[in-house]
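Okay, structure first, notes after.
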Amino acid sequence: MDAGLTTTTTTAAPQSKSRTYRITPRELDTYQACAFKFAADRRGKQQKVWQPQPSSFPLALGNAVHDALNQANRQAMKRGSLPSADEVFDRFWNRSRFGSTEQEVEAAYLARPMVEQYLTYVTDNDLEILASEQFILTPEMHIGEGIYLIISGKLDVLFRRPGGALMYQDHKTGSQLPTPDILEYALSSAAYRGLVRRLQPRAETILISQRLLSTGAEVTVDLSDDVVQAAKQQMADLVRAMDADPAMISAAFQPSENEQCAWCPHQSVCPLLAAGSEEGVAL
Ligand code: SF4
């Protein structure tokens, strides 16, 4: 991260008893929404009992659009210009993501305006593409005695805007965006900012943005230093709680009702839902 948490270097390797926790921006958002789910997800992965969610049409569509835009972005980074929408569908549209020809045809019908919108948006706003679907790790950040944190994640796309500001943008193929306030205080926003800083250490301005590919609606925030510092403190507190309680069953990992409850895979063991059922609350 760019300030606050202390980073180590390869010449200052942690001692043998050190514990390093690797967390993704997506996991941080899960933690913010429901610490119980964050803990249950991680336990499942550690015990290798995690079952991935079954594939769905929206997921396949999102993945296929991300694949296609990534290929288009990479071509722009190599050749200096984006391909046309026709070229994107001829060369980069991955039909194998879909279970049937009917699904693929429907997906291509839905995806075309998203791709066209994106290509127009980048061109009209004179955005320079600096990175696309790039996986980045922060260095180890010192949290406490023998405790380190690494943030790892993939950037959908990183732009340089005219004037020099960098903008990390998350493509959304669904139908909703967060409000500016929610995006500003999302732990993932501070995490992505840190990942961009890793790529572009001298950047003066790093904006965090989400954009709906279907409509072009966009929300973009510039995190203040206070927000970044508060986010780092929350991340450090989380890592300390994980270190103090490796099973993650303490009060620091309580459930919180949120919009993910409807499709949460931990409903059957969630204390909040169990309590609601006892009181006769219909789900
Ligand atoms: S059902 Fe809701 S409250 Fe319970 S673990 Fe899942 S996300 Fe958290």
Being surrounded by 14 or more Cβ atoms within 10 Å (Cβ to Cβ), in a strand (DSSP E or B) and free of Cβ contacts under 8 Å to residues at least 60 places away in the same chain is the filter here, so list the residues in region 87-140 that pass it. E128, I129
What number of residues in region 205-225 are under 12 Å from Y118 (Cβ atoms), free of Cβ contacts under 8 Å to residues at least 60 places away in the same chain and open to solvent by less than 50 Å² (accessible area, probe 1.4 Å)? 1
Unmet criterion (only one of (1) outside any loop (DSSP other than H, G, I, E, B); (2) over 22 Å from S152 (Cβ atoms); (3) at pLDDT below 95) for S81: (1)
What about T30, is it part of a helix (DSSP H, G or I), at pLDDT below 70 and not aromatic (F, W, Y)? no
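Return the total of residues in region 202-255 being of a type in the set (S, T, Y) and modelled with pLDDT of 95 or more.
Residues of region 202-255 of a type in the set (S, T, Y): 205, 209, 214-215, 220, 224, 250.
Right, trim to modelled with pLDDT of 95 or more and you get 205, 209, 220, 224.
Of the residues in region 202-255, 4 are of a type in the set (S, T, Y) and modelled with pLDDT of 95 or more.
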Go through the residues of region 51-66 one by one and say whether even a single one is within 16 Å of the ligand (Cβ to nearest atom), open to solvent by 50 Å² or more (accessible area, probe 1.4 Å) and not in a helix (DSSP H, G or I). yes
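Kindly check whether there is at least one residue in region 266-278 that is more than 12 Å from the ligand (Cβ to nearest atom), open to solvent by 30 Å² or more (accessible area, probe 1.4 Å), free of Cβ contacts under 8 Å to residues at least 40 places away in the same chain and in contact with a Ser or Thr (Cβ under 9 Å, 6 or more places away or on another chain).
no
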Per the list (1) out of contact with any Cys (no Cβ under 6 Å at 6 or more places or on another chain); (2) open to solvent by 40 Å² or more (accessible area, probe 1.4 Å); (3) touching a residue at least 40 places away in the same chain (Cβ under 8 Å); (4) under 27 Å from R42 (Cα atoms), residue check on S256 breaks on (1)
Which of the numbered conditions does P162 fail, given that it passes all the others? Conditions: (1) open to solvent by 10 Å² or more (accessible area, probe 1.4 Å); (2) of a type outside the set (A, V, I, L, M, F, W, C); (3) part of a helix (DSSP H, G or I). (3)
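The values are calculated or read from the model by the stated rules, or taken from the named source; none is laboratory data. Being a predicted model, the structure only gives us computed values, none of them experimental. Methodologically, a virtual Cβ is constructed for each residue, glycine included, from the backbone with ideal geometry; neighbour enumeration extends over all protein chains shown. SASA here: full protein model, heavy atoms, side chains in, ligands and nucleic acids out. Shrake-Rupley method; radii C 1.70, N 1.55, O 1.52, S 1.80 Å.
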